[in-house]
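A.B. asks: Input: one structure, supplied below.
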Amino acid sequence: MGGSVRGLGAPRVRRLVRGVLRGERRKAEVSVTFLGARAMRTLNRRWKRHDRPTDVISFALGAGDGALTGDIYICPEVARREARRRGLTINEELSRLVIHGTLHVLGWDHPEGGSRERSPMWRRQERYLERL
């Protein structure tokens, strides 16, 4: 785990990732890194071609032996704005992003735009958030 955010320390992040992996009956090595808006903007521009910071980006890396490794990058600054907009605590939004990123690493995806929150992935993510 690359760092933590006040209120959402490494033990909580590990529990969330492990809870999703257990629920999905999958094994993976997953790293979670929290970074600032400037670094997230650079990452988003380089890999997604969007010149702005985003809340979460995930990368799944399959190894030749079938092992799954994933990197999740979360921007607390963007998450804080989204939490305020939705009337949520920052910890709830950051927990949602850890779960969201883990599901992406495992191959789940969702459409962009308004239908995102009605997608099967989003519903699954919200169930994990309630449970974990």
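The values are calculated or read from the model by the stated rules, or taken from the named source; none is laboratory data. Keep in mind the model is a prediction, meaning the values are calculated, not measured. Note that each Cβ is placed from the backbone with ideal geometry, even for glycine, and that neighbours are counted across all protein chains shown. Remember, those area values only see protein heavy atoms, side chains included, never the ligands or the DNA or RNA. Shrake-Rupley method; radii C 1.70, N 1.55, O 1.52, S 1.80 Å.
A.B. asks: All but one of (1) modelled with pLDDT of 95 or more; (2) under 15 Å from LEU16 (Cβ atoms) hold for MET40; state the number of the condition that does not hold.
C.D. replies: Tallying (1) modelled with pLDDT of 95 or more; (2) under 15 Å from LEU16 (Cβ atoms), MET40 fails exactly one: (2).
A.B. asks: Just name the residue that is farthest from LEU129 (Cα to Cα) out of those in region 17-75 that are among the polar types (S, T, N, Q) and touching a strand residue (DSSP E or B) at 6+ places or on another chain (Cβ under 7 Å).
C.D. replies: Quick first cut of region 17-75, residues among the polar types (S, T, N, Q) only: 31, 33, 42, 44, 54, 58, 69.
Those left that are additionally touching a strand residue (DSSP E or B) at 6+ places or on another chain (Cβ under 7 Å): 31, 33, 44, 58, 69.
On the way: SER31: 19, THR33: 19, ASN44: 25, SER58: 18, THR69: 22 Å.
Once the filter is applied, the top-ranked residue is ASN44.
A.B. asks: State all residues of region 73-91 that are in contact (Cβ under 8 Å) with a residue 40 or more places away in the chain and not polar (S, T, N, Q); if no residue qualifies, say none.
C.D. replies: Passing the criteria: TYR73, ILE74, CYS75, PRO76, GLU77, VAL78, ILE90.
A.B. asks: Would you be able to say whether some residue in region 89-99 is over 18 Å from ARG18 (Cα atoms), open to solvent by 50 Å² or more (accessible area, probe 1.4 Å) and either of a type in the set (Ser, Thr, Tyr) or modelled with pLDDT of 95 or more (or both)?
C.D. replies: Yes, that holds for at least one residue.
A.B. asks: Here's a follow-up. Taking into account only those residues within region 100-132 that are touching a residue at least 40 places away in the same chain (Cβ under 8 Å) and part of a helix (DSSP H, G or I), which is most open to solvent (accessible area, probe 1.4 Å)? Before the answer, list the steps.
C.D. replies: Filtering region 100-132 down to residues touching a residue at least 40 places away in the same chain (Cβ under 8 Å) leaves 100-107, 128, 131-132.
Checking the rest, the ones that are also part of a helix (DSSP H, G or I) come to 100-105, 128, 131.
On the way: HIS100: 6, GLY101: 0, THR102: 0, LEU103: 0, HIS104: 49, VAL105: 5, TYR128: 10, ARG131: 160 Å².
Restricting to residues being touching a residue at least 40 places away in the same chain (Cβ under 8 Å) and part of a helix (DSSP H, G or I), the top hit is ARG131.
A.B. asks: Do you know which residues across region 82-132 are of a type in the set (Ser, Thr, Tyr) and under 12 Å from the mean Cα position of the chain (by Cα)?
C.D. replies: Here is the first cut: in region 82-132, the residues of a type in the set (Ser, Thr, Tyr) are 89, 95, 102, 115, 119, 128.
If the condition is that a residue be of a type in the set (Ser, Thr, Tyr) and under 12 Å from the mean Cα position of the chain (by Cα), then SER95, THR102 are the ones that fit.
A.B. asks: Residues to consider are LEU68, LEU16, LEU35, LEU61; find the one that is out of contact with any Cys (no Cβ under 7 Å at 6 or more places or on another chain), more than 24 Å from ARG127 (Cβ to Cβ) and not small (Gly, Ala, Ser). Lay out the reasoning, then the answer.
C.D. replies: Values: LEU68 fails: more than 24 Å from ARG127 (Cβ to Cβ); LEU16 fails: more than 24 Å from ARG127 (Cβ to Cβ); LEU35 fails: out of contact with any Cys (no Cβ under 7 Å at 6 or more places or on another chain).
When all the criteria are applied, what remains is LEU61.
A.B. asks: When you scan region 6-87 for strands (runs of 3 or more DSSP E) that lie fully inside it, which ones turn up with 2 or more residues that are exposed (fewer than 13 other Cβ atoms within 10 Å of the Cβ)?
C.D. replies: On the way: elements: 29-34, 56-62, 68-74.
Strands (runs of 3 or more DSSP E) meeting the threshold: 56-62.
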